[in-house]
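> Can you read through this structure? Questions will come right after.
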Amino acid sequence: MKTLRDPGCLLRAGLERIRTQFSVPEIFPPETLEAAQAAAARTPQDHADRTSLPFVTLDPASSTDLDQAFAIEASGADWLLHYAIADVAWFVNDGDPIDREAWNRGTTTYLPDGKASLYPPILSEGAASLLPQVDRPAVILTVRIDPTGEAKLDGAERAMIRSRAKLAYETVRDDELPDGFLDIARRIDRAEDRRGAERVDPPEQVVEVDGSGAFTLAFRPQLPSERRNAALSLAANLAVAQTMLDAKTGLFRIMAMPDTKGEEKLRTTALALHLDWPGAMPLAQFQRRLNPSRPAEAAFMLAIRRSGQGASYRPFVPEELPWHAAIAAPYAHATAPLRRLADRYVLRTVLALTQGRTVPQEVSEAFTTLPRIMARAASRDSRIEKAVVDLAEATMLAHMEGTCFTARVTDVREEKVQLQLQDLPVMASARVPGAFPGDLVRIRLTHADTINGSLTFEPVD
């Protein structure tokens, strides 16, 4: 769950309803668990020994499903990023019970109080996870990053690694990170600016309770360590995408930015949040000015995310460039195979390409089916995310029934208008006859349903 945390378990009843509504799986089938147990007991035989490399991981302190570890070395003016990715494909055979269940799930589904993992925990949090001080099979992507921040894949191999430390976003110090980590992050950031990348990393929404017992919805911006770690993953995924593109094969992540109507709605939202967005300034330029530590700007970052046309997967198509508008480059997903089904197949592709082998037929065939499977999983996860945010908003406003609010109309849909409350990161809808996009209206909260996560407003005469 990327947009909400609930450390106090304040939403428990509503979350149970969401799990039931979206059929979030609670357990794995017995045959899947049996196959996973057998896979976890196997010992790799054909992986190169790279346990001497000083790998470390960097994740939230509570994470145990560790997809990535990294080691860094200098190569002249370049940096070599040895990016180890959990070798899930070594544990999972095509068509076995683990594989079949993963295709049913598509992704790990996150909620504020738990998750439904893509793979059984004995693998995702055990034998396949790159935990510290134990040998683990991995796919090492060696990514060369030049002084301009351009990333190129030098090679890929299956290898045994041993992570030296599990570093945490919340506590890591710069002097605990490998030499080159900070410089790589800076290089990648400069390369993004040069490309005109429009990536928006909205802050987490956090449910809190104040001294009076009322719920509030606050924002937690990304920590510097998170942003820098994301730069490493970005570099690896860009390098993987270019390798597949050069070979005219693979599975890519594509996305278009908000269309004209979407940008018009965003401008209305900016007005509601009292943000100064000059009329001649493009969205890409404006969003790079946003500060996620300011609540109104954080809310607008979330609005940008919600207004986009969404990212999707697409196999290689001759004469069509697979473009990701927010990244401003061809892009792929390869670095989170414990959490995304598609990454396992992209890694198998890269291994074959860098070692001069033909991409396995079952992998190439999967590229035609994976976009539909991943779209279904993304739709489910998106609807769950919206339901959780709606639940948090209803919980936050439950003690304010009868209160009047000023809101800006962002859209008109049939009999209802879509509204952005002023001064609060809350979207709403209501029947407001005669209202048009851009209008300021007064509305009264008549009911907040803290189980079903709904808010009911009426216009104030």
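The values are calculated or read from the model by the stated rules, or taken from the named source; none is laboratory data. Bear in mind that the values here come from a model prediction, so they are computed numbers and not experimental data. So basically every Cβ, Gly included, is an ideal-geometry build from the backbone, and we count neighbours across all protein chains shown.
> Of a type in the set (Ser, Thr, Tyr) and either modelled with pLDDT under 95 or exposed (fewer than 14 other Cβ atoms within 10 Å of the Cβ) (or both), is that true of THR446?
Considered against the rule, which asks whether it is of a type in the set (Ser, Thr, Tyr) and either modelled with pLDDT under 95 or exposed (fewer than 14 other Cβ atoms within 10 Å of the Cβ) (or both), THR446 comes out as yes.
> If you don't mind, there's one more thing I want to ask. Considering only residues that are outside any helix (DSSP H, G or I), in contact (Cβ under 8 Å) with a residue 40 or more places away in the chain and surrounded by 13 or more Cβ atoms within 10 Å (Cβ to Cβ), which ones fall in segment 351-380? Quick ask: steps written out before the conclusion?
Here is the first cut: in segment 351-380, the ones outside any helix (DSSP H, G or I) are 355-360.
Imposing the further condition that a residue be in contact (Cβ under 8 Å) with a residue 40 or more places away in the chain reduces the set to 355, 359.
Within segment 351-380, VAL359 is the sole residue that qualifies.
> Considering ASP189, ASP179, ASP174, ASP193, which residue is in contact with a strand residue (DSSP E or B) (Cβ under 7 Å, 6 or more places away or on another chain) and acidic (Asp, Glu)?
ASP179
> Ok, one more. Tell me, yes or no, whether segment 44-55 has at least one residue that is assigned by TED's automatic domain parsing to the domain that holds LEU167 and under 26 Å from the mean Cα position of the chain (by Cα).
yes
> From ALA156, ALA168, which residue is under 30 Å from GLU393 (Cβ atoms) and at pLDDT 95 or above?
Values: ALA156 fails: under 30 Å from GLU393 (Cβ atoms).
Answer to the check: ALA168.
> Just a yes or no: is a residue in segment 392-409 in contact with a Phe, Trp or Tyr (Cβ under 7 Å, 6 or more places away or on another chain), aliphatic (A, V, I, L, M) and either modelled with pLDDT of 95 or more or over 25 Å from PRO295 (Cβ atoms) (or both)?
For segment 392-409, residues in contact with a Phe, Trp or Tyr (Cβ under 7 Å, 6 or more places away or on another chain), aliphatic (A, V, I, L, M) and either modelled with pLDDT of 95 or more or over 25 Å from PRO295 (Cβ atoms) (or both): absent.
> Further question: Just checking: which of the strands (runs of 3 or more DSSP E) contained wholly in segment 107-171 hold 3 or more residues that are buried (at least 18 other Cβ atoms within 10 Å of the Cβ)?
Ranges flagged: 109-111, 135-145, 151-162.
> Cβ-Cβ distance below 8 Å, separation of 6 or more or different chains: which pairs start in segment 381-410 with a residue that is without any contact (Cβ under 8 Å) to a residue 40 or more places away in the chain and farther than 13 Å from GLY453 by Cα and end on one that is surrounded by fewer than 20 Cβ atoms within 10 Å (Cβ to Cβ) and polar (S, T, N, Q)?
Pairs found: THR406/GLN422.
> Still on this structure: Which one is modelled with the lowest pLDDT, of the residues in segment 57-82 that are of a type in the set (Gly, Ala, Ser) and surrounded by 15 or more Cβ atoms within 10 Å (Cβ to Cβ)?
SER63
> Just wondering, is there one or more residues in segment 213-221 that are more than 30 Å from ALA375 (Cβ to Cβ), part of a strand (DSSP E or B), small (Gly, Ala, Ser) and in contact with a strand residue (DSSP E or B) (Cβ under 9 Å, 6 or more places away or on another chain)?
So in segment 213-221, the residues more than 30 Å from ALA375 (Cβ to Cβ) come out as 213-216, 218.
Cutting the leftovers down to part of a strand (DSSP E or B) gives us 215-216, 218.
From what is left, the residues that are small (Gly, Ala, Ser) are 218.
Right, trim to in contact with a strand residue (DSSP E or B) (Cβ under 9 Å, 6 or more places away or on another chain) and you get 218.
Within segment 213-221 (the criterion being more than 30 Å from ALA375 (Cβ to Cβ), part of a strand (DSSP E or B), small (Gly, Ala, Ser) and in contact with a strand residue (DSSP E or B) (Cβ under 9 Å, 6 or more places away or on another chain)), the answer is yes, since at least one residue qualifies.
> Is it the case that ALA342 is within 17 Å of the chain's Cα centre (by Cα) and not charged (D, E, K, R)?
Criteria met by ALA342.
> Further, regarding this structure: Can you confirm whether segment 74-81 contains a residue that is among the small types (Gly, Ala, Ser), at negative phi and either free of Cβ contacts under 8 Å to residues at least 12 places away in the same chain or not assigned by TED's automatic domain parsing to the domain that holds ALA127 (or both)? Give the steps one after another, and end with the answer.
So the first thing to find is which residues in segment 74-81 are among the small types (Gly, Ala, Ser), and the list is 74-77.
Imposing the further condition that a residue be at negative phi reduces the set to 74-75, 77.
Checking the rest, the ones that are also either free of Cβ contacts under 8 Å to residues at least 12 places away in the same chain or not assigned by TED's automatic domain parsing to the domain that holds ALA127 (or both) come to none.
No, the conditions are met nowhere in segment 74-81.
> Check off (1) under 20 Å from the mean Cα position of the chain (by Cα); (2) crowded, with 22+ Cβ neighbours inside 10 Å; (3) not β-branched (Val, Ile, Thr) for LEU15 and give me the number that stays unchecked.
Evaluating LEU15 over (1) under 20 Å from the mean Cα position of the chain (by Cα); (2) crowded, with 22+ Cβ neighbours inside 10 Å; (3) not β-branched (Val, Ile, Thr) leaves (1) as the failure.
> Please tell me if ARG305 is charged (D, E, K, R), closer than 27 Å to MET396 by Cα and not assigned by TED's automatic domain parsing to the domain that holds ARG187.
In short, yes.
> Can you tell me how many residues in segment 409-456 are farther than 13 Å from ALA272 by Cα, hydrophobic (A, V, I, L, M, F, W, C) and under 32 Å from the mean Cα position of the chain (by Cα)?
Qualifying residue count for the region: 6.
> Going through segment 381-413 one residue at a time, which ones are in a strand (DSSP E or B), buried (at least 21 other Cβ atoms within 10 Å of the Cβ) and among the polar types (S, T, N, Q)?
THR410
> Another one. Can you tell me which residues in segment 226-242 are touching a strand residue (DSSP E or B) at 6+ places or on another chain (Cβ under 8 Å) and surrounded by fewer than 22 Cβ atoms within 10 Å (Cβ to Cβ)?
SER233, GLN242 - these are the residues of segment 226-242 that are touching a strand residue (DSSP E or B) at 6+ places or on another chain (Cβ under 8 Å) and surrounded by fewer than 22 Cβ atoms within 10 Å (Cβ to Cβ).
> So which residues in segment 309-325 are part of a strand (DSSP E or B) and not aromatic (Phe, Trp, Tyr), if there are any at all?
Once the filter is applied, which keeps residues that are part of a strand (DSSP E or B) and not aromatic (Phe, Trp, Tyr), segment 309-325 yields ALA311, SER312, ARG314, PRO315, VAL317, GLU320, HIS324.
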